[in-house]
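The values are calculated or read from the model by the stated rules, or taken from the named source; none is laboratory data. Nothing here was measured: the structure is a model prediction, and the numbers come from that model. Here the Cβ positions follow ideal geometry from the backbone for every residue, glycine too, while neighbour counts run over all protein chains shown.
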Amino acid sequence: MVTQRSRFPLAYRMLLPLAAVLLAVLVYPLVFSFWISLHDYQLTALQDVRFVGLRNYLELRGNGSFWNAMRNTLIFVFGAVTLETLLGFGLALLLHRPNRYRDFFRSILLTPMFITPIAVGLMFRFLLNQQLGVLPYLLGKLGVQIDFFGPGLALYSIILIDVWQWTPFMLLLLLAGLESLPAAPFEAARVDGASAWFTLRKVTLPLMKPVILVALIIRGLDAFKVFEYIFAITRGGPGESTESILYHIYKVGFRFFRLGEAAAMAYILILITMALVVVLYRAMRSAEELP
Amino acid sequence: MNPSYRLRRLLTESSALLILLVALLVVLFPYFWILLASLKPVDLVSRPDVWLFSPSAFNWEEVLLRSDVPRFMLNSLMVGVVTVAVALITGAPAAYSFSRFNTGGGLARFSILAAEMMPPAVLIVPLFLLMFRLALLDTPVATIAAHLTFVIPVVTWFLIGFFDEVPRELEEQAMVDGYTRFQAFYKVVLPTVRPGLAAAGIFGFVLSWNDMFYALILSGGRNKTLPVAIAGFWTFRGIEMGKMAVAILVAIVPVLLASFFVQKYLVKGLGGGAVKF
């Protein structure tokens, strides 16, 4: 018994079920996916799978649709995450003050982040539709005519939908961050007669930096996966102006059945993701060392 | 306190409240409008100018009594429950091992976090081919397998934070009392983190319940889940929109109720024992 335990300690035995399941559903598919990306692998020609080396990757260089989707996604991530951070931080500051209705406001304001994104997409498609949507109708009464999903504007409308759904996530993390800050620096600032603005810039923001960084990266990684709003509203259009990287991979892989190419694009995506996760992990580690 | 100071204070307080009320309105209005649409008679659904009308139960009866939506809801429920059960059974001992023995060190924790963030585009192609070969496409098994890829890491990451907070003396005492280390984990530590298990389970369930990407591609037919079924209302034909509103409400109300239970545990869970907010 004792020798058996020392040969294979409990710490590893408790890890076994997790390792077994993740090996089957995560690690094996990851390796398989890389193998697929090195082949001309079409769902319509499964008997004729040929090894092509890095061709799928090299051909991405001249693939305008792929870079267009990458560009759209970067604009989307940058726009959405910036707005969500600013709004989330503002709301967190407001809710951090002593307020009788605090818990009420907080629990309602957090609700959008729990809803399935496809429902959010369809809700806003219904709300913003040019003919039958209530928002264009109300704006029309004010004399403003907007086609939210027309050319040039659709991507920005989708950013706003993301802001509706995910500002709550920033609010959640940033409010928790504010609540855990030490009281002493703030008292010192008050004793010195510092203004609210000065305190925010010179005390709150520096102390909050690690938490903001962690929240930014988690949200950014998640925003990279945007798919449902586009599926629910524009299907990538008008033209390819709202195609995100995930939507593009879905289209190439499961509408055009070119799985090898889709797998290669996905592997490019892994590289970006992993780079960000390394930064995130470091940020979490350094946040830990704070008082 | 001088009057001008009190006036300024009153002004800041009321403008803060005003901003919060506007935010509240922005969050609540879409819910309100979709609820209104679900109660509108068929000919009024496409009329944004009609806010007052005599409510009709037609859409609700159509969806709940005469459509497949309840069956799709059961599919979602089943997929979510099985996924969470597997995630808790495999994730709890693993999280304990990470928390207590620091098994695998930083690399292991990093891998869990990386798995949590893995873009679904990467796994969908191989999972699709795998399920195709195993003749499991359009079955709940395919969706469950896909959901495990993100629910297991999330649940494990969540639980590390909760185990970190259990004092070590607890299982040391249990071992003095004659329990083995595993018995101490199973009979003493696990019951004390019950709120964490519940929060991780509910959060994992919500993630599975909300997924459309994997479910759409792996089982978009007879065994579709609720989000895939909702996506099917895409056509926007007049008669479908009221029903779409009902289906949306059916999908989001249970999750909103669950959210009130998990909100307060969420921050600790997301930090995974790393960030002490």
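Yes or no: A:PHE51 surrounded by fewer than 17 Cβ atoms within 10 Å (Cβ to Cβ) and among the aromatic types (Phe, Trp, Tyr)?
yes
For segment B:199-228, which positions are outside any helix (DSSP H, G or I) and over 15 Å from B:ALA251 (Cα atoms)?
B:SER219, B:GLY220, B:GLY221, B:ARG222, B:ASN223
Determine which member of the set B:VAL125, B:VAL189, B:VAL193 is crowded, with 19+ Cβ neighbours inside 10 Å and more than 25 Å from the chain's Cα centre (by Cα).
B:VAL189
Would it be correct to say that B:SER99 is in the same structural domain as B:PRO140 (by TED's automatic domain parsing), under 18 Å from B:GLY201 (Cβ atoms), in a helix (DSSP H, G or I) and under 17 Å from the mean Cα position of the chain (by Cα)?
Spelling it out, it is not the case that B:SER99 is in the same structural domain as B:PRO140 (by TED's automatic domain parsing), under 18 Å from B:GLY201 (Cβ atoms), in a helix (DSSP H, G or I) and under 17 Å from the mean Cα position of the chain (by Cα).
Evaluate the following for A:LEU30: is it within 13 Å of chain B (Cβ to nearest Cβ), buried (at least 21 other Cβ atoms within 10 Å of the Cβ) and either at pLDDT 95 or above or over 16 Å from A:TRP166 (Cα atoms) (or both)?
When the stated conditions are applied, A:LEU30 does not pass them.
Please note which helices (runs of 4 or more DSSP H) are completely contained in segment B:135-189 and include at least 2 residues that are more than 11 Å from chain A (Cβ to nearest Cβ).
Filter on segment B:135-189 gives B:140-164, B:169-176.
Given (1) within 11 Å of chain B (Cβ to nearest Cβ); (2) closer than 16 Å to A:VAL81 by Cα; (3) touching a residue at least 60 places away in the same chain (Cβ under 8 Å), where does A:ILE212 come up short, assuming only one miss?
It fails just one condition, (1).
Which of the residues belonging to segment B:192-251 are of a type in the set (Lys, Arg) and either facing chain A (nearest Cβ under 10 Å) or within 24 Å of B:MET118 (Cα to Cα) (or both)?
Matches in segment B:192-251: B:LYS224 only.
Can you name every residue in segment A:91-105 that is more than 8 Å from every other protein chain (Cβ to nearest Cβ) and touching a residue at least 24 places away in the same chain (Cβ under 8 Å)?
If the condition is that a residue be more than 8 Å from every other protein chain (Cβ to nearest Cβ) and touching a residue at least 24 places away in the same chain (Cβ under 8 Å), then A:ALA92, A:LEU93, A:HIS96 are the ones that fit.
Starting from segment B:94-113, take each residue that is of a type in the set (S, T, N, Q) and list its partners that are part of a helix (DSSP H, G or I) and surrounded by fewer than 21 Cβ atoms within 10 Å (Cβ to Cβ), counting only C-beta distances under 6 angstrom and pairs at least six apart or across chains.
So the pair list comes out as B:SER97/A:ALA11; B:SER99/B:ASP164; B:THR103/A:ALA11.
State all residues of segment A:178-203 that are in contact (Cβ under 8 Å) with a residue 60 or more places away in the chain and part of a helix (DSSP H, G or I); if no residue qualifies, say none.
Passing the criteria: A:LEU178, A:GLU179, A:LEU200.
Residues that are out of contact with any Cys (no Cβ under 7 Å at 6 or more places or on another chain) and closer than 27 Å to B:THR225 by Cβ: find the helices (runs of 4 or more DSSP H) completely inside segment A:75-166 holding 3 or more of those.
A:117-128
Output the residue which, of all residues in segment A:111-140 that are facing chain B (nearest Cβ under 8 Å) and touching a Ser or Thr at 6+ places or on another chain (Cβ under 7 Å), is farthest from A:LEU95 (Cα to Cα).
A:LEU132
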